[in-house]
1. One residue is enough: does segment A:102-121 have a residue meeting the conditions farther than 27 Å from A:Ser68 by Cβ, open to solvent by less than 40 Å² (accessible area, probe 1.4 Å) and not in a helix (DSSP H, G or I)?
2. Report the residue count in segment A:12-21 for those that are more than 10 Å from chain B (Cβ to nearest Cβ) and at pLDDT 80 or above.
3. Check A:Arg39 against each of (1) buried (at least 21 other Cβ atoms within 10 Å of the Cβ); (2) of a type in the set (D, E, K, R); (3) more than 9 Å from chain B (Cβ to nearest Cβ) and name the one condition it does not meet.
4. May I ask you to list the residues in segment A:136-172 that are at the interface with chain B (Cβ under 9 Å from one of its Cβ atoms) and under 16 Å from the mean Cα position of the chain (by Cα)?
5. Using the structure shown, decide if B:Leu313 is closer than 30 Å to B:Thr227 by Cα and not in a helix (DSSP H, G or I).
Amino acid sequence: MSDTLIMALARPNTSTMAFDALYRSCADELHAYAWSILRDRAAAEDVTALAFERAYRKRHRFDASKGSERQWLFGIARNAALDELRRRKRTASLVVDPEDHVIADSGPEDSDRRATVQKALAAMDPRDRELIALKFHAGLSNEEIAGVLGISESNAGTRVHRAVTKLREACS
Amino acid sequence: MPDFNDSELLDAVLLADVRASVPPMRPEFRAELDSRVARGFKPEGGLGAWVTATAARLVPPRRMLLPTMGAATTLIVALVVVVGAVHDSRDSDGTVSSLVSTHSAPGSIDTDTAAGGDASTQNLEQADPLQSAGRTASVPASPEASGVAGAAAPSVTFDDGTRQKSAASKPGFGRKVERHTELTLSTSAKKLQDTADGVVRVTQGVGGIVENSNVDSSDAGGSATFTLTIPSNRLDDAVEQLSKLAHVSSMSQGATDITRSFVSAADKLSDARAERKALLKALGVATTPERIETLKARLRVNRSEIAGYNGQLKSLRRRADNTTVNVTLNSDGTAPVESDGGWTFGGAADDALSVLQVVASIVLISAAILVPVGLLLVLALLATRATTRRRREQALDRG
């Protein structure tokens, strides 16, 4: 996101337009991230909507000096998703019985590979799966991931590297 | 299976596969979300729906209600304490509070030391001058002090916890207590004469006597002293009325037990009368002039003794029945300013100072209460945030 958008978010008079731009650019990624944590379509949609609503209502409180607007938005989404996990108390059943997702078939080889990746992701530790989501779906940098998780940048980089390595090993 | 050894291909393939592992957003949801974003997340359905949604958003979740209500209760209690403290501080400026706080000397009951006995002294704390004035009169003398053997007398408990058997003096002799009161009044120079007149008026009203008075009045101030004799049974009434005339700077009350002196004089009078009867009887049967003359001489002495004892008894009875009240009236500027309706710079300055003092008191008391409460709230907020964060992380771990 450009510096212009960051400044626009910080200004109340143009914040609505800036928020709309942020929504257009992040909606799919945010939904994918929420689904990765919750592994439930309905819950992911609820969290996505809730995260955007909270972000909209708090848009005047965005502080560009504390990180990018994507980092800020995914931080809100993370809290909403974790609150949803706490509230529903159905985490165990979701892990055991995740929602089936039919992968778009682009060929037998791709289908097998993606099914392997899907299984590997489902078997991963939730924290690693979240890191994968933040890296692969949200496209956040290590610095932004550190900001979302409240850890140091080096720690975030190490964790992301370990998670990707685990995924690779699980898929090999 | 794909070849994951080629890192560049691996990243691109893995990225694509990971992204493909997540179901895309449903078009219906996307459309609905677009619509909500376009409306600025205002609910459909007009004002009623907006009010409902806003209320639902503003009402805190149940887990937040308890600490919120606790904090609100704490604040209410703090406000009540502040208001109460301010109210008390205003009351302390009132006449009644001043009356109590300016007592300079406690009252006392002194048993009759003049009688030569081993008199004891009981000091009484005076919380309320009027009440204690009445109480003083009702305190009976101890049998040791009175020197009269008592039988099965009820006891009286003094404020200091000591108990004494009430006097069971000889039949016909009640308690004889001499009381004295010192009262210092302060008033403005303008009202000195009026107050002095009021002292005389009150004294006459209760059937008392102004033994002597001295009023020294001038524009700058003045003073007056009165020595009053007030019937003891009207003393409470008199003190109450005198206290209303002006600001009471100080008051002390005391009582001296003169029962022993009274009983002693009565005994001596009785003996003298008995002796007189015996002398008269002996005179009636005396035959010799010498004997008659001797008896007459003794009768003369006896008569003077009886007169003396009678005088003593009358004096003691008068001391018991009347109370000496010394009233001092000052107008030396220490008296509280009494408004006469006019505006003065000094009065305004005093008022301003009083207002500032009250405001400062309120601020100080409020700070004393609100600062700790605020710190507690901040700590509670930090603890709540830390707990929420920890629980969120725990929820992720369980996921």
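1. yes
2. 2
3. A:Arg39 satisfies every listed condition except (3).
4. Within segment A:136-172, A:Phe136, A:His137, A:Gly150, A:Val164 meet the criteria.
5. Judged against the criteria, B:Leu313 is not a match.
The values are calculated or read from the model by the stated rules, or taken from the named source; none is laboratory data. Owing to the predicted nature of the structure, the values given are computational and were not obtained by experimental measurement. Glycine also receives a Cβ, built like all others from the backbone with ideal geometry; neighbour counts cover every protein chain displayed. Heavy atoms of the whole protein, side chains included, go into the accessibility calculation; ligands, DNA and RNA do not. Shrake-Rupley method; radii C 1.70, N 1.55, O 1.52, S 1.80 Å.
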